[in-house]
1. Restricting segment 105-143 to residues that are among the small types (Gly, Ala, Ser) and not in a helix (DSSP H, G or I), which is surrounded by the fewest Cβ atoms within 10 Å (Cβ to Cβ)?
2. Of the residues that make up segment 93-113, is at least one under 19 Å from Ala62 (Cβ atoms), touching a residue at least 40 places away in the same chain (Cβ under 8 Å) and in contact with a Lys or Arg (Cβ under 6 Å, 6 or more places away or on another chain)?
3. Take the conditions out of contact with any Leu (no Cβ under 7 Å at 6 or more places or on another chain), of a type in the set (S, T, N, Q), in a loop (DSSP other than H, G, I, E, B) and modelled with pLDDT of 95 or more and apply them to Thr102. Does it pass?
4. Take Thr41 and decide whether it is of a type in the set (Ser, Thr, Tyr), without any contact (Cβ under 8 Å) to a residue 24 or more places away in the chain and closer than 30 Å to Leu170 by Cβ.
5. With the condition kept exactly as written, say whether any residue in segment 11-23 is free of Cβ contacts under 8 Å to residues at least 60 places away in the same chain and farther than 19 Å from Met149 by Cα.
6. Which of the residues belonging to segment 38-62 are charged (D, E, K, R) and farther than 19 Å from Cys5 by Cα?
7. Which of the following residues is over 19 Å from Ile14 (Cβ atoms) and touching a Leu at 6+ places or on another chain (Cβ under 9 Å): Leu147, Leu142?
8. Please determine, by comparing only the residues of segment 74-88 that are in a loop (DSSP other than H, G, I, E, B) and touching a helix residue (DSSP H, G or I) at 6+ places or on another chain (Cβ under 8 Å), which one is surrounded by the fewest Cβ atoms within 10 Å (Cβ to Cβ).
Amino acid sequence: MGQHCQNIANACKISRGYAERLLAGIPANQFARKAVVNGKTIDANHPAWVFGHLATYPAKAATMLGLDATKFAAPANFEQLFKDGQPCQDDTSGTIYPSMETITTAFFRTHDALIEALGSVDDSKLIQPTPDEKARERFPMLGARVLFMCNNHMMMHAGQVSTWRRCMGLPAA
């Protein structure tokens with residue numbers, strides 16, 4: 001229904017595809033580990049935190065667009081583990097974060113559902129003021145915020161995973 005919303009969805013598909021390529025070759029037992037370079041642990045986000053964090057955003061975007069967020073929701077414990085500002089921990093024992101499969105399944109399920117739904121959202125939603133007053137300073141209209149959440153935000157964090165991959169000795173995605 002909405003051409004601009006479909007444009008956001010199409011761009012999100014590209015970001016999603018890159019995120020999928022970033023997962024290639026990552027061993028499950030390293031997914032929630034911080035990179036170590038020359039014996040020094042690098043204090044940066046690992047893939048578990050990045051993908052878990054990103055999995056929480058489709059429900060937020062859906063809510064802003066007036067959609068039922070339950071269809072786009074990540075597992076209940078994700079918000080506490082992966083919310084903005086929550087530190088990324090080196091999960092040496094594999095007990096802090098859910099499994100790689102759980103996190104990536106949530107990431108792809110939530111994003112695929114949002115990509116599918118975006119095309120049915122009327123473009124008039126995009127020119128509404130951003131409801132959150134604090135966010136409105138950066139994103140006056142809802143469309144800019146949704147675009148950021150679906151694309152820029154994902155690619156910003158994808159860059160973190162790309163760097164993590166190199167630190168871990170993995171090739172470029």
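1. Our first condition is that a residue be among the small types (Gly, Ala, Ser); within segment 105-143, this holds for 106, 113, 117, 119-120, 124, 135, 143.
If we keep only those that are not in a helix (DSSP H, G or I) too, we end up with 119-120.
Details: Gly119: 15, Ser120: 13.
Among those that are among the small types (Gly, Ala, Ser) and not in a helix (DSSP H, G or I), it is Ser120.
2. Yes, the conditions are met somewhere in segment 93-113.
3. Numbers: out of contact with any Leu (no Cβ under 7 Å at 6 or more places or on another chain): yes; of a type in the set (S, T, N, Q): yes; in a loop (DSSP other than H, G, I, E, B): no; modelled with pLDDT of 95 or more: yes.
For Thr102, the condition - out of contact with any Leu (no Cβ under 7 Å at 6 or more places or on another chain), of a type in the set (S, T, N, Q), in a loop (DSSP other than H, G, I, E, B) and modelled with pLDDT of 95 or more - is not met.
4. Values: of a type in the set (Ser, Thr, Tyr): yes; without any contact (Cβ under 8 Å) to a residue 24 or more places away in the chain: no; closer than 30 Å to Leu170 by Cβ: yes.
For Thr41, the condition - of a type in the set (Ser, Thr, Tyr), without any contact (Cβ under 8 Å) to a residue 24 or more places away in the chain and closer than 30 Å to Leu170 by Cβ - is not met.
5. No, the conditions are met nowhere in segment 11-23.
6. Keep residues of segment 38-62 that are charged (D, E, K, R), which gives 40, 43, 60.
Listed by number, the residues that qualify are Lys40, Asp43.
7. On the way: Leu147 fails: over 19 Å from Ile14 (Cβ atoms).
The unique qualifying residue is Leu142.
8. Our first condition is that a residue be in a loop (DSSP other than H, G, I, E, B); within segment 74-88, this holds for 74-77, 83-88.
Still in the running and touching a helix residue (DSSP H, G or I) at 6+ places or on another chain (Cβ under 8 Å): 74-75, 83-84, 86, 88.
Working: Ala74: 24, Pro75: 17, Lys83: 11, Asp84: 8, Gln86: 13, Cys88: 22.
Among residues in segment 74-88 that are in a loop (DSSP other than H, G, I, E, B) and touching a helix residue (DSSP H, G or I) at 6+ places or on another chain (Cβ under 8 Å), the one surrounded by the fewest Cβ atoms within 10 Å (Cβ to Cβ) is Asp84.
The values are calculated or read from the model by the stated rules, or taken from the named source; none is laboratory data. What you see is a predicted model; the values in this text were computed from it and never measured. Note: ideal-geometry Cβ built from the backbone for every residue, glycine included; neighbour counts use all protein chains shown.
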